[in-house]
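The structure under discussion appears below in the form of structure tokens.
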Amino acid sequence: MELFFNPFDNLVCILLGISLTVWFTLLLVFIIVPAIFGVSFGIRRLYMKTLLKLFEWATLRIERGAKENNHHLYKPYSNAIIAREPTSLEEEIKEIRRSGSNRDLDSAPEFEMSDIFYFARRGVESIMDDEVTKRFSAEELESWNLLTRSNNNFHYISLRLTVLWGLGLLIRYGFLLPLRVTLAFTGVGLLVFLTCLIGLLPSGRLKNFLSEKVHLMCYRICVRALTAIITYHNSENKPKNGGICVANHTSPIDVIILASDGCYAMVGQIHGGLMGVIQRSMVKACPHIWFERSEVKDRHLVAKRLSDHVEDKTKLPILIFPEGTCINNTSVMMFKKGSFDIGATVYPVAIKYDPRFGDAFWNSSKFGMVNYLLRMMSSWAIVCSVWYLPPMSREADEDAVQFANRVKAAIARQGGLVDLLWDGGLKRGKVKDTFKEEQQKLYSKMLVGTPEDRSRS
């Protein structure tokens, strides 16, 4: 059989080899090596400033095009009910009675038909401007960030915007996405391989030192896989060994954001598949706390494992997200009290994402994990600020719930987030009967008074 030599095929192989060599050399020099030493060339911040100027120009073009075509630009929350100063149930009902009746309000309390209007109004307000449900959907933007997912119509306003949107699509999916996927596999692969190697070493200071360096390096590579631009504030308050770090929760990448600036002991349920491989390799190098599915609901066992960990001051601080679910980074919802009942020092951390560059919120009821990560890697960037707050301890007259609420309020205040008392579990469940009963008790108390009031009368 006669063999023919095709010089074109040989040329293609040479060019492909050169391209791959250049590609991985650039990755090594500009991304992986800086991640190892924790340095940055400032390329990502320059990229962020360029994007901001681009967004400003696009917004001006949109507004100009809308005026020319007599289009109405939608402003987020423009139709929302105007917020009123919070008042008690009794005060509001008295106000309704005062406006519709000449009866002495200080006379014996009794039911009036006008009371129904209070509950009807509150019900309509909840439907029109539900402060809970809207926390489980993507935060709305006041301007377009050239992503189809944030607005599907803006790029039809002018030819320039259409060309710019198409160019951005090509850059994000043709260049940034392959680069980021390569970095993500590099970071995860190194994490699994190196933590397994470190796990072979005997316990001691050398193993702990190498484990911390490897974790930091791999998480920093993963941060670069998202083109994450993070600003850390008040580093003197960073969590210390033997403590518990608690933060508001927007996305699974919250872990990477925090772990790229310090090492933590993770807490979570054991998974299968790739996540299970990562968990088993990580725990060989560092004492993370993983629970079997059957153990997660055993609160006493969970509390015992956490308590044993924080009592050892040589172990890394535990990282916990007490909300228990992802919120869209506009608010902080109820903190579960478990991690505040242990008695350890709590290190609050506030995380605030900038949605102009990419929406970090994970709507788990709408997107699977793989789909979500692909959306993150095809966004412009992930930009966020992290504030380390001063450590907080439970006071003598506080219970776990009060302590959790105090920490939550501090995080919300620092991050510019709305402090809500609602449980994040409402994302998938119905309102508990206890919430309804609480309103019924307040109204009943107004009509018949407390047992002490009745005994005095």
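The values are calculated or read from the model by the stated rules, or taken from the named source; none is laboratory data. Keep in mind the model is a prediction, meaning the values are calculated, not measured. Here Cβ is always computed from backbone atoms with ideal geometry, including for glycine, and neighbour counts include all displayed protein chains. All accessible areas refer to the heavy atoms of the entire protein, side chains included, with ligands and DNA or RNA removed. Shrake-Rupley method; radii C 1.70, N 1.55, O 1.52, S 1.80 Å.
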- Probe 1.4 Å, all chains present, heavy atoms only: residue 233 accessible area in Å², nearest 10, is 60 Å²
- Query: So, in nm, how far is label residue 14 from label residue 234 when the simple model puts each one 7 Å beyond its Cα toward the Cβ?
  - Reply: 6.1 nm
- Message: For the ranges 188-195, 247-254, 279-286, what's the packing order if you count other beta-carbon atoms within 10 Å of each residue, average per peptide, and put the highest first?
- Response: 247-254, 279-286, 188-195
- Between residue 47 and residue 441, what is the FRET efficiency for a Förster distance of 60 Å, r being their Cβ-Cβ separation, to the nearest 0.05? 0.60
- Item | Cβ-derived FRET efficiency at R0 56 Å, residue 422 paired with residue 22, nearest 0.05 | 0.60
- Treat each spin label as a single point 7 Å out from the Cα along the C-beta direction, and report the residue 160 to residue 185 distance in nm. 4.0 nm
- With every protein chain in place, the range 149-427: carbon and sulfur % of accessible area (1.4 Å): 60 percent
- Message: Strictly over 29 Å apart at the Cα level, which of 53/366; 207/408; 49/352; 240/366; 240/408; 313/366 would you flag in this model?
- Response: 53/366; 207/408; 240/366; 313/366
- Task: Run the quick spin-label model on residue 40 and residue 392: label points 7 Å from Cα toward the beta carbon, then report their separation in nm to one decimal.
- Result: 2.8 nm
- Message: Using a 7 Å offset from Cα along Cα-Cβ at residue 271, what residues in the range 361-375 end up with backbone N under 12 Å from the label point?
- Response: 368-373
- In Å², rounded to a whole number, the accessible area per residue of the range 271-405 with probe 1.4 Å is 46 Å²
